Amino acid sequence: MVEPLVSVNKVVKRYWRGKQPVEVLHNLDLTIPAGEFVALMGPSGSGKTTLLNLIGGLDKPTQGEVVVGGERIDRLSGGQLAKWRARHVGFVFQFYNLMPTLSAEANVELPLLLTNLSGKQRKANVAAALELVGLTDRRKHKPNELSGGQQQRVAIARAIVADPTLLVCDEPTGDLDRESAEEVLTLLQLLNREQGKTIIMVTHDPKAAEFASRIVQLDKGALAPEAQAA
Amino acid sequence: MKYLPLVWAGIWRKRGRAILTLLSIVNAFLIFGLLQGLATGIDNVAKESTAAVMMTTSRVSLIEPLPMGHAAQIRTVPGVVAVTPMVIFTGTYRSPTQYVPAIAIDVDQYLAVYPKVKVSQTARQAMRETRNGALVGEGLAKSYGWKLGDTVPIKSVLWANRDGSTTWPVKIVGLLPKGSGGPAMMVNYAYVDEGRTQAKGTASFFFLKTVDPKKGPQIGAAVDRLFANSPNETRTITARQMAQSQFKQIGDIALVINAIVGAIFFALLFSVGAVMAQSMRERIPELAVLKTLGFTDGGVLALLLSETLVFCLFCAAIGLGLAEIAFPLVKQSIGFEAAAGPILFVGLAFAVALALISGLPPAIRAMRLQIVDALAGR
């Protein structure tokens, strides 16, 4: 049996809207084995992004536990969580969220600044990540000189450059045309199959979800019956 | 060092705004540098006025002339080594704005009191032999295009010539190199005294060299006793005291300068603070991404503070550098050299303070950003 990389147990997440508590996740349980490509789907407000944020260590649950790679991340302090994210998680956002003033290679290098790698090693790792996403020739370009698909590939290079075990992607194709979206999804699939990266992707798009090995449906803060991708 | 490109890119994120902010900070530090340089220059003038040299003026007023006969009597006072008369011969060159700070002296008596002033034997001899001879500082000569051997008309603001005009042709017989320690222009006392239509046989003041600076008060009192109850009573003080009292007549320069600099920095604090706060607000999603990637709260704080620190130091260095370049030019207007010296360090310390005070509030806000809220645009 494959060891679970992510284990979410009896998680409750509650926000406060003024004095009114709003429960977004209700006693949610989810297990994701290492090496899986999971698509999180569901209607708006179902808690997909909230769940993704909890698994990625961007937020903490109100109740319950979140275990990633054997570590109770819900118990980590803010500083510990930041260091944990730097070591273990790569993030891909819908709107790429690249630094507009930095070149593609400088954007990709950002996570490596937090490591003890030498400048030469960082350059080598950046070059390898850009090559993997097919953007070696665009390494000196700034984000506004790249197409949406290319920017998202730079964001993926940034997410994988520190060799994290887990990639969390929030609507990575939500802002792309069909062709660029397919390129990005193929790339994610490749990272999952060839490099064994565990990927959790939030998406609204059933076509995007088809690239995943498992689809998890959320509805009103709870899991709906799972469906296997075709 | 590995974060420097990130810091630098953050500074120039909005190039237009960064340049405008840079100009305002550079301008503030340029003014700071010039004003503080002026204050230090004034201080240096007072310090450089050797304590061994004393100055005898009229007790009534600085502009009241003293009879030349006083010189011989002052020489009799024990402790006085040498005496030189001096007449203020301030004038202008071709236009009223071409200021010429000049004095009329006897070159041998002057150099006996000020032996450290470097005048070549040739120039000294030429001054003795040329009635309307003048020794001119190289800086002044260069600014007006004068050369050795030129005869130039100096329009005196004080003395009418016996031909009825205020124009005094002087022949440049020697150039005083930079650092010679001499005044901008020296002309012969005899030429001025013979030519002027009033106050003949008088000096504006006398400078005397004493054997021991520590005996200055006693020697000064002895000189003044000589002329007590005479029509030309004197006041004898050290040249340093004179320099200090002259500057005090203008007012408390240090206080005025500090008030101006304080007002400039106070205003700058708000404008830079507002720019930094605005920049931080615009970058909330980017800062949230940095935190997402693993930058700690302290790391983000340090990053933003580094940006303001590097930017303020960069601007201060340009402003103070421009002030340093401007100091020699200012000398021509004020007659003495403004000095950089410790101002550079004080200026850089101000830049650090400016960066910390204006950069800290937005940096703290950035540090406290909640990633999830920031990414969601809340």
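The values are calculated or read from the model by the stated rules, or taken from the named source; none is laboratory data. Computed from a prediction, not measured in an experiment: that's the story for all the values here. Here the Cβ is made from the backbone with ideal geometry for all residues, glycine too, and neighbour counts use every protein chain on show.
Laid out as a table, the results:
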{"read-out": "All positions within region A:81-100 that are crowded, with 20+ Cβ neighbours inside 10 Å and on the phi < 0 side of the Ramachandran plot", "value": "A:L81, A:A82, A:R85, A:A86, A:H88, A:V89, A:G90, A:F91, A:V92, A:F93, A:L98, A:M99"}
{"read-out": "Hey, B:A9 more than 14 Å from chain A (Cβ to nearest Cβ), among the aliphatic types (A, V, I, L, M) and either touching a strand residue (DSSP E or B) at 6+ places or on another chain (Cβ under 8 Å) or in a helix (DSSP H, G or I) (or both) or not", "value": "no"}
{"read-out": "Residue in region A:5-21 that is more than 19 Å from the chain's Cα centre (by Cα), assigned to a loop (DSSP other than H, G, I, E, B) and either of a type in the set (D, E, K, R) or within 14 Å of chain B (Cβ to nearest Cβ) (or both) present", "value": "yes"}
{"read-out": "Residue within region A:3-26 that is over 28 Å from B:L290 (Cβ atoms) and either touching a helix residue (DSSP H, G or I) at 6+ places or on another chain (Cβ under 8 Å) or surrounded by 23 or more Cβ atoms within 10 Å (Cβ to Cβ) (or both) present", "value": "no"}
{"read-out": "Helices (runs of 4 or more DSSP H) (entirely within region A:56-153) containing at least 3 residues that are within 14 Å of chain B (Cβ to nearest Cβ) and over 28 Å from A:N27 (Cα atoms)", "value": "A:104-109, A:119-132"}
{"read-out": "Single residue of B:T57, B:T76, B:T92 found to be crowded, with 17+ Cβ neighbours inside 10 Å and either more than 14 Å from chain A (Cβ to nearest Cβ) or modelled with pLDDT under 90 (or both)", "value": "B:T57"}
{"read-out": "Options A:G35, A:G57, A:G70; residue that is surrounded by 23 or more Cβ atoms within 10 Å (Cβ to Cβ) and of a type outside the set (S, T, Y)", "value": "A:G57"}
{"read-out": "Region B:107-132: number of residues that are part of a helix (DSSP H, G or I) and closer than 14 Å to B:A82 by Cα", "value": "7"}
{"read-out": "Candidate set: region B:187-231, residues that are part of a helix (DSSP H, G or I) and among the basic types (K, R); chosen: the one surrounded by the fewest Cβ atoms within 10 Å (Cβ to Cβ)", "value": "B:K214"}
{"read-out": "Close pairs (7 angstrom Cβ cut-off, 6 or more residues apart or separate chains): more than 19 Å from B:I343 (Cβ to Cβ) in region B:251-270, among the polar types (S, T, N, Q) anywhere", "value": "B:L269/B:S358"}
{"read-out": "Candidate set: region B:12-46, residues that are buried (at least 20 other Cβ atoms within 10 Å of the Cβ) and under 30 Å from B:L290 (Cα atoms); chosen: the one nearest to the other protein chains (Cβ to nearest Cβ)", "value": "B:T21"}
{"read-out": "Check on B:S333, surrounded by 20 or more Cβ atoms within 10 Å (Cβ to Cβ) and either at pLDDT below 90 or under 21 Å from B:S358 (Cα atoms) (or both)", "value": "no"}
{"read-out": "Test: residue in region A:167-186 that is in a helix (DSSP H, G or I) and surrounded by 23 or more Cβ atoms within 10 Å (Cβ to Cβ)", "value": "yes"}
{"read-out": "Test: A:G134 is within 29 Å of A:A212 (Cβ to Cβ), surrounded by fewer than 20 Cβ atoms within 10 Å (Cβ to Cβ) and in contact with a Leu (Cβ under 9 Å, 6 or more places away or on another chain)", "value": "yes"}
{"read-out": "Some residue of region A:118-140 being at pLDDT 90 or above and in contact with a Pro (Cβ under 7 Å, 6 or more places away or on another chain)", "value": "no"}
{"read-out": "Selected residue (criterion: farthest from A:Y96 (Cα to Cα)) from residues of region B:290-319 that are assigned to a helix (DSSP H, G or I) and among the β-branched types (V, I, T)", "value": "B:I318"}
{"read-out": "Lone unmet requirement of (1) over 30 Å from A:A159 (Cβ atoms); (2) at pLDDT 90 or above; (3) in contact with a Lys or Arg (Cβ under 9 Å, 6 or more places away or on another chain) for B:A353", "value": "(3)"}
